[in-house]
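The values are calculated or read from the model by the stated rules, or taken from the named source; none is laboratory data. These numbers come from a predicted model, not from an experiment. So basically every Cβ, Gly included, is an ideal-geometry build from the backbone, and we count neighbours across all protein chains shown.
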């Protein structure tokens with residue numbers, strides 16, 4: 001007959017991270033005279049075809065399972081405590097906070113996903129990136145740059161002026177209405193010929 005959990009000698013312990021490396025950590029156990037474990041594996045959601053990784057910090061409070069000899073086991077997760085409290089008190093929020101101030105947060109009550117406190121964001125795809133909003137997309141930045149072709153299928157409206165140059169010039173198909181003066185340093189040509197020096201009587 002298979003032995004029970006109690007008969008196997010497996011115990012639940014709580015300890016403090018002494019040292020860590022990707023996938024493993026060594027733990028100090030305060031309730032056993034600060035016994036130091038060997039390098040123990042950390043349990044992660046996925047470790048084979050898809051991989052999840054997160055290295056523990058020295059001093060982090062963790063829970064672990066150890067065998068009867070205290071030589072082998074697994075770290076099942078980090079836990080909050082009086083010293084390390086949750087960064088939020090709202091139960092509607094899911095979040096990941098980093099020690100440099102960056103935070104990823106989703107509020108299921110307001111349906112808002114926020115990424116704050118970062119200095120650089122890189123989103124890279126081999127084929128296509130689609131941004132879709134039901135009403136509006138706002139880019140609030142002193143400057144924006146597109147390195148390739150830009151196509152606007154709807155109405156293009158600009159309020160701060162328009163300036164351009166380079167390439168083979170500009171081409172418009174359809175009617176162009178100008179409310180104000182037009183200044184050209186070169187010729188203005190219509191189907192009737194050069195019109196920048198003609199006069200009306």
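Within 30 Å of residue 38 (Cα to Cα), in a strand (DSSP E or B) and either in the same structural domain as residue 15 (by TED's automatic domain parsing) or over 15 Å from the mean Cα position of the chain (by Cα) (or both), is that true of residue 76? Yes; evaluated as a whole, the condition is true for this residue.
Among the residues of the range 84-94, those identified as closer than 28 Å to residue 28 by Cβ and touching a strand residue (DSSP E or B) at 6+ places or on another chain (Cβ under 7 Å) are 84, 87.
Examine the range 53-66 for a residue that is exposed (fewer than 11 other Cβ atoms within 10 Å of the Cβ), in a loop (DSSP other than H, G, I, E, B), assigned by TED's automatic domain parsing to the domain that holds residue 20 and over 25 Å from the mean Cα position of the chain (by Cα), and state whether such a residue exists. Checking the range 53-66: not a single residue is exposed (fewer than 11 other Cβ atoms within 10 Å of the Cβ), in a loop (DSSP other than H, G, I, E, B), assigned by TED's automatic domain parsing to the domain that holds residue 20 and over 25 Å from the mean Cα position of the chain (by Cα). With respect to the numbered conditions (1) under 30 Å from residue 39 (Cα atoms); (2) modelled with pLDDT of 95 or more, which one is the sole condition not fulfilled by residue 113? Here residue 113 clears every test but (1).
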